[in-house]
């Protein structure tokens, strides 16, 4: 069986059907991949080990339970005293001091008030002096005077000052007072514990686990196996009626992406899939475009991928690929003139990243 799930790329336009008839319209078709169904057994749940709890084992015994533990009580043992008579000084004895003044005595001390001296004293002139100068014939007498001594009264210490101590006795009284013979102490008394005999369960063997092997589960799955790879093989005659544009806003893509959004899938389901289900003779052209960003070749391939992803989506929903014509226009049909010569916003470029639909 031939299908018309085709992409009108540059390669498509360069080739032509052999011996075309005038007035006839053609679509280049590809043979679909051929599959066969096989039933395979899939292990849905692997075998595994399940752990099961083995309960603990107890035994009952009788035991004394301490309701109140034993304790100690401390008893005070008072101190022991005896009475004694003691002397208490009300006024302490002391040493009274008497001062003896210094005693002096008067003595005479010989003081040399003028020392002994010697001198020459000029006397009369020598009458027989031959000199006309009287001083040349003057007579000098050598004189020696004794020292002048005076007696001066002076005082000297006869007896130096001294002190005399006299013991003055104090006064006292006798008092009775208690003296500690034995210091106070404490005595420890043991208060016995309060117990009660009870029965209790004692753990003999703690809880454990044991492993139980659960077998694997399998399900039978029908699997399609590729028998023969399809490919582009022939041209097919298609109606020459002018297709009508579907009343659906184009679906859009992110920059560089060929992924359908959930909103795009909702629009395809509502407007395209519904037509294909309602009219079994209808054929839909899926024309995909890109913006001008990027190279011309890469944009052409991107538009082809965008057209193919819509075809694959509809085929997976049960539409025959023979009713679908996928065309990739690249950047050849820009809606707003946003080519490489202009700087456009992302919003303007987004208008060109679209897929439009026409129904034959």
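Against the conditions (1) at pLDDT 70 or above; (2) out of contact with any helix residue (DSSP H, G or I) (no Cβ under 9 Å at 6 or more places or on another chain); (3) farther than 30 Å from residue 110 by Cα, residue 153 satisfies every one except (3).
Output the number of residues of the range 282-296 satisfying the condition of being touching a helix residue (DSSP H, G or I) at 6+ places or on another chain (Cβ under 9 Å) and surrounded by fewer than 18 Cβ atoms within 10 Å (Cβ to Cβ).
3
Residues that are assigned to a helix (DSSP H, G or I) and within 49 Å of the chain's Cα centre (by Cα) within the range 264-297 comprise 264, 265, 266, listed in sequence order. Kindly indicate whether residue 95 is within 30 Å of residue 160 (Cβ to Cβ), at pLDDT 85 or above and in a strand (DSSP E or B). Taking the combined requirement at face value, the residue satisfies it.
Within the range 38-61, can one find any residue that is modelled with pLDDT under 85 and more than 60 Å from the chain's Cα centre (by Cα)? No, because not a single residue in the range 38-61 is modelled with pLDDT under 85 and more than 60 Å from the chain's Cα centre (by Cα).
The values are calculated or read from the model by the stated rules, or taken from the named source; none is laboratory data. Here the structure is a predicted model, which means the values were calculated and not measured. All Cβ positions, glycine included, derive from the backbone under ideal geometry; neighbour counts span all protein chains shown.
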